[in-house]
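Read the figures in this text as sums done on the coordinates, not as results from a lab. This structure is a prediction, so every number in the text was calculated from the model and none was measured. A quick note on method: Cβ atoms are made from the backbone with ideal geometry, for glycine too, and the neighbour counts reach across all protein chains shown.
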Amino acid sequence: MSLKLPAGLLAAALPFAATAAPESFTVDPYHSFPYFEVVHLNTSVIRGHFEKISGKMTLDAAAKTGTIELSVPTTTLTSGDNDKGSRPRSRDEHLRSPDFFNVAEFPTMSYKGKATKFSGDHPAMVEGELTLLGVTKPVNLTVERWNCGPDPRSQGKRYFCGGNATGSFKRSDFGMKFIVGPVSDEVKLWISLEAFRD
């Protein structure tokens, strides 16, 4: 004897995860920044960041999937040293030159990745690729402090997610080989990211 359920009851019996769809988010450029740091002359750590970033991400907490695409204008680089004083150029001018980020020839760097590990409903690891100086190489990010919820600044009318992501790469892998040694080859990267649901 077979038992047939009405279509409506059958649909209701399916797990929510089976019908959930990825949600789309747009990066908030006012609260999202990529930072970097290198070791200078094996002594101090020099830090800098880019003042602009844009991008999109998707997130499906039920299915444990997500994607992210980021674009960064390299001309917005700053390390806090814009005044050359008596020097031929400031540090920021040097970092924008062909010795380092070569912003005239490569005005944009980008990152594309997929969330491959979750901690509960939160993404914990993103495996992706960084494109810098026209070279694309794998760079993975560890996600920290990730939270989603109503944005209190909008009295709960907007929903957003945000957190931090950290990783590292060798700049020589991307062709940035100027004074590797006096300035560390390893670049530590961290991103402060917030994004609003579309």
When the chain is fully extended, how far beyond the present Cα-Cα distance does residue 52 get from residue 104, taking 0.36 nm per residue of separation? 17.1 nm
Extension reserve of the residue 188-residue 119 stretch, reckoned as 0.36 nm per residue once the Cα distance is removed: 22.5 nm
In percent, how large is the relative contact order of the chain, given Cα pairs closer than 8 Å and 6 or more residues apart? 22 percent
Most mobile of 104, 124, 61 in a GNM of the chain (Cα contacts under 10 Å): 104
Treating only the Cβ of Lys, Arg, Asp and Glu as charged (+1, +1, -1, -1), what charge dipole size does region 140-198 show about its Cα centre? Round to the nearest 20 debye. 160 debye
Quick one: of 137/177; 84/188; 137/188, which pairs are farther than 20 Å apart, Cα to Cα? 84/188
Only sites in a loop by DSSP and with at most 13 other Cβ atoms within 10 Å count here; which chymotrypsin sites (Phe, Trp or Tyr not before Pro) in region 42-117 make the cut? none
Across 10 Å bins from the origin, how do the percents of Cα pairs in the chain run, short distances first? 8, 31, 28, 17, 9, 4, 2, 1, 0, 0
Test of the criteria: in region 152-198, which chymotrypsin sites (Phe, Trp or Tyr not before Pro) are in a DSSP loop and have at most 14 other Cβ atoms within 10 angstrom of their Cβ? 178
Return the distance in nm (one decimal) between the two label points of a simple spin-label model at residue 90 and residue 137, each offset 7 Å from Cα along Cα→Cβ. 2.9 nm
Output ³J(HN,Hα) for region 27-32: one whole-Hz value per residue in order, computed from phi by the Karplus curve 6.51 cos²θ - 1.76 cosθ + 1.60 with θ = phi - 60°, and x for Gly and Pro. 4, 7, x, 8, 10, 10
Just to be sure I understand the model, the point goes 7 Å from the Cα along the line to the Cβ. What's the resulting residue 198 to residue 75 distance in nm? 2.7 nm
Using a Förster distance of 22 angstrom, determine the FRET efficiency expected from the C-beta separation of residue 168 and residue 129, and round it to 0.05. 0.90
For residue 65 and residue 26, what is the calculated FRET efficiency with R₀ set at 22 Å and r taken between the beta-carbons, to the nearest 0.05? 0.75
In this structure, the FRET efficiency calculated for residue 157 and residue 39 from their beta-carbon separation, with R0 = 35 Å, to the nearest 0.05, is 0.20
Could you tell me the center-to-center distance, by alpha carbons, between region 25-60 and region 99-149 in angstrom? 10 Å
Using Cα springs under 10 Å in a Gaussian network model of the chain, which residue among 68, 179, 53 shows the largest mean-square fluctuation? 179
Highest GNM mean-square fluctuation, the chain, Cα pairs closer than 10 Å: which of 170, 56, 84? 84
Which whole-Hz couplings ³J(HN,Hα) result when phi for each residue of region 61-78 is put into the Karplus expression 6.51 cos²θ - 1.76 cosθ + 1.60, θ = phi - 60°, listed in order with x for Gly and Pro? 5, 5, 8, 6, 9, x, 9, 8, 9, 10, 10, 10, x, 5, 5, 8, 4, 8
